[in-house]
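Notes follow once the structure below has been shown.
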């Protein structure tokens, strides 16, 4: 595999997207049903606006973000708001997957994609960072 650069080039983007498709294909039907309700967006890296909204530094390796109102915080009186969306970031996930001394492996990349996707869907269901960490999706 390749070493990770600060910029996700076409080769890394294609590699990531191929592994994402493999991960999605192996997810249970219940997760696919959820993804039909909560769209998945994939971007190379977070926008400056997202970085600022989350109070992060530009060097942060953000892997994903859930945008919306978690299910456990909704009421029947809520007005419709922006749609729920899970966004995952190629650069953050690739950097995390390549963090070991072995460099970037296909297995670790798929593992980190899966963890990130399930982590953000967990936020949709109202799980906190601590909850997700305790479940192995931290």
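Quick note: the coordinates plus some simple rules give every number you see, no bench work behind them. Treat the numbers as computed from the prediction; the structure is a model and nothing was measured. A quick note on method: Cβ atoms are made from the backbone with ideal geometry, for glycine too, and the neighbour counts reach across all protein chains shown.
The fewest-to-most ranking of 116, 75 by surrounding Cβ atoms within 10 Å reads 75, 116.
In this label model, residue 130 and residue 50 are separated by 2.7 nm, measuring between points 7 Å along each Cα→Cβ vector. Under the rule of -39500 (n - 2.57) per DSSP H run of 4 or more residues, summed and divided by the residues of the chain, what mean residue ellipticity at 222 nm is obtained, to the nearest 500 deg cm²/dmol? For the chain, the value works out to -14000 deg cm²/dmol. In terms of the Cα gyration tensor, with a ≥ b ≥ c the square roots of its eigenvalues, is the range 1-90 rounded because a/c is under 1.5, prolate because a/b exceeds b/c, or oblate? It is oblate, given that a/c is not under 1.5 and a/b is not larger than b/c. Between residue 58 and residue 31, the simple spin-label model (points 7 angstrom out along Cα→Cβ) gives 3.4 nm.
Each of residue 11 and residue 40 was given a label point 7 Å from its Cα along the Cα-to-Cβ line. The distance between the two points is 2.5 nm.
The long axis of helix 10-26 is offset from the longest Cα principal axis of the chain by roughly 50 degrees. To the nearest ten degrees, helix 106-124 and the longest principal axis of the Cα atoms of the chain are 10 degrees apart. Considering only 27, 117, 12, the mean-square fluctuation computed in a Gaussian network model of the chain, springs between alpha carbons under 10 angstrom, is largest for 27. Only residues of the range 8-40 count here: report those whose backbone N is under 17 Å from the spot 7 Å along Cα→Cβ of residue 85, or say none. Inside the label zone: 35-40. Look at the alpha carbon pairs under 8 Å that are at least 6 residues apart: their mean separation over the length of the chain gives a relative contact order of 31 percent.
Based on the alpha-carbon gyration tensor of the range 62-138 and its eigenvalue square roots a ≥ b ≥ c, which shape applies: rounded if a/c is under 1.5, prolate if not and a/b is larger than b/c, or oblate? Since a/c reaches 1.5 and a/b is larger than b/c, the shape of the range 62-138 is classed as prolate.
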